[in-house]
1. Determine the pairs where a residue that is closer than 30 Å to residue 19 by Cα, located within region 29-55, has a partner that is in a helix (DSSP H, G or I) with Cβ atoms under 6 Å apart, the partner being 6 or more residues away or on another chain.
2. Here is a list of conditions, (1) modelled with pLDDT of 85 or more; (2) under 16 Å from the mean Cα position of the chain (by Cα), and residue 1 meets all of them except one; can you say which number that is?
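The values are calculated or read from the model by the stated rules, or taken from the named source; none is laboratory data. Predicted model only: the values in this text are computed from it and were never measured. Methodologically, a virtual Cβ is constructed for each residue, glycine included, from the backbone with ideal geometry; neighbour enumeration extends over all protein chains shown.
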Amino acid sequence: MYVIAIGWLYVTLLMAATEANLTAAVLTFTLYGVAPLALFLWLFGTPQRRRNRASAERRAADTGAPDLPRTAADE
C-alpha cells in the first residue's frame with residue numbers, strides 16, 4: 001500500500017515541477033497528490049483501525065478492575 005502512495009506522490013511531484021508558476025505547482029501537488037492520497041490511505045486504513053479498536057476493547061475487558069460497591073462517601 002505504501003509503494004502505491006510513494007509512487008503517486010512521485011508522479012504528482014513531477015507534474016507539479018512542470019507547471020508554469022509556483023501557485024499552479026502547489027495547487028497541482030495538493031489537489032492531485034496530497035488530497036486524493038490522504039483519502040486513499042484513510043479508506044484503506046479503516047480495517048486496521050477497526051481491528052486495533054476491537055483489540056483494545058478486548059484487552060480493556062480482560063484486564064478491567066472489578067466494580068467496587070458504592071458507599072455513601074463516594075457520593
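1. Final answer for the pair search is 29/12; 29/16; 32/12; 33/9; 33/12; 37/5; 37/8.
2. Failing condition for residue 1: (1).
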